[in-house]
């Protein structure tokens, strides 16, 4: 699977850069029974991720949807993410969006929105779990190179200024939204 990582000023042909991760048909091919997720939490989580991504990349709707985000997280075998990890992923994306906007960066585009989903999942898992895996483990799960994961993770961390702490108020707010369903 081809994937692009975040690079400031990166502009490539959209057909060349589209990743399988941002294509809902990729996930349907992984499971004979892949359907639109019915879990209300997953729908809310996916909608929130989608809304934040669209706020940064208005044309992202061309390559990603709420449905494809939900399928991405539900079909990523081996992750078994908890609701807490999903909430942490949303908080990280919001932090990224805040810094991305304040710094007037043009790092994220419709060609690498799939890669950010991978990085969000990896970072949320790394922060929440005791047992840690090397990025090569995640590269195998997602079918992208370890170097793309490493570079994307480094750029993401740089943009959020290596700040993985989530304020209690932010977590409580996101948790409240998720459990009010």
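The values are calculated or read from the model by the stated rules, or taken from the named source; none is laboratory data. Please read all numbers here as calculations on a predicted model, not as lab measurements. All Cβ positions, glycine included, derive from the backbone under ideal geometry; neighbour counts span all protein chains shown.
Residue-level check: of (1) surrounded by fewer than 13 Cβ atoms within 10 Å (Cβ to Cβ); (2) modelled with pLDDT of 90 or more; (3) within 23 Å of residue 44 (Cα to Cα), residue 95 misses just (1).
When residue 167 is tested against (1) surrounded by fewer than 14 Cβ atoms within 10 Å (Cβ to Cβ); (2) in contact with a helix residue (DSSP H, G or I) (Cβ under 8 Å, 6 or more places away or on another chain); (3) without any contact (Cβ under 8 Å) to a residue 40 or more places away in the chain, just one condition goes unmet, and that condition is (2).
No other residue among 144, 130, 122 is without any contact (Cβ under 8 Å) to a residue 40 or more places away in the chain, out of contact with any strand residue (DSSP E or B) (no Cβ under 8 Å at 6 or more places or on another chain) and surrounded by 14 or more Cβ atoms within 10 Å (Cβ to Cβ) apart from 122.
Give me the helices (runs of 4 or more DSSP H) completely within the range 39-156, filtered to those with at least 1 residues that are under 24 Å from residue 172 (Cβ atoms) and touching a helix residue (DSSP H, G or I) at 6+ places or on another chain (Cβ under 8 Å), ordered by residue number. Give the derivation first.
Values: elements: 40-56, 66-75, 83-102, 113-128, 135-142.
Passing ranges, in order: 40-56, 66-75, 83-102, 113-128.
Just one of (1) surrounded by 13 or more Cβ atoms within 10 Å (Cβ to Cβ); (2) under 25 Å from residue 60 (Cβ atoms); (3) free of Cβ contacts under 8 Å to residues at least 24 places away in the same chain fails for residue 102. It is (1).
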